[in-house]
1. Using the crude model of +1 on Lys and Arg Cβ and -1 on Asp and Glu Cβ, and no other charge, please compute the dipole size for the chain relative to its Cα centre, in debye to 20.
2. Choose one of 10, 58, 26: the residue whose Cα lies farthest towards the positive end of the charge dipole of the chain (beta-carbon charges +1 Lys, Arg; -1 Asp, Glu; about the Cα centre).
3. Just the number please: accessible area per residue for the chain, 1.4 Å probe, all protein chains included, in Å².
4. Springs between alpha-carbon atoms under 10 Å, Gaussian network over the chain: tell me which of 38, 17, 28 tops the mean-square fluctuations.
5. GluC sites (Glu not before Pro) within the chain: which are DSSP loop residues with at most 10 other Cβ atoms inside 10 Å?
6. May I ask for the percentage of alpha-carbon pairs in segment 4-59 that lie more than 17 Å from each other?
7. Whenever you get a sec, compute what percent of the accessible area on the chain sits on carbon and sulfur atoms (1.4 Å probe).
Amino acid sequence: VADCTGSGTLMDRFREADVPTFGGSSFADRLEADRKFAEQVMHDAGIETPKSVSSTDWDQAAKAIAGLKG
């Protein structure tokens, strides 16, 4: 049983060895850790997602937030 991210590779190995498992996978870990990847998966599945922006510093973040308000 894995109830958090970070155990995906281990859980994949258990599955490959036919060990009964519940939860966790490297795919689920990537969905949790990589927002752009997760958004693309949702888009491909026809699931709408809220607008998001990326920034590399606080000034960019402040401008992005201001842009979302307007």
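1. Details: 8 positive and 12 negative charges, 61 e Å.
Result for the chain is approximately 300 debye, rounded to the nearest 20.
2. 58
3. Working: 5910 Å² over 70 residues.
Averaged over the residues of the chain, the accessible area is 84 Å².
4. Of 38, 17, 28, the Gaussian network model singles out 17 as fluctuating most.
5. Values: sites: 16, 32, 39, 48; in loops: 48.
Of the GluC sites (Glu not before Pro), the ones in loops of the chain whose Cβ has at most 10 other Cβ atoms within 10 Å are 48.
6. Numbers: 812 of 1540 pairs.
Pairs farther apart than 17 Å: 53 percent.
7. 55
The values are calculated or read from the model by the stated rules, or taken from the named source; none is laboratory data. On a predicted model such as this, the values are computed, not experimentally measured, just so you know. So basically every Cβ, Gly included, is an ideal-geometry build from the backbone, and we count neighbours across all protein chains shown. Please note that ligands, DNA and RNA were not included when accessible areas were found on the heavy atoms of the full protein model with its side chains. Shrake-Rupley method; radii C 1.70, N 1.55, O 1.52, S 1.80 Å.
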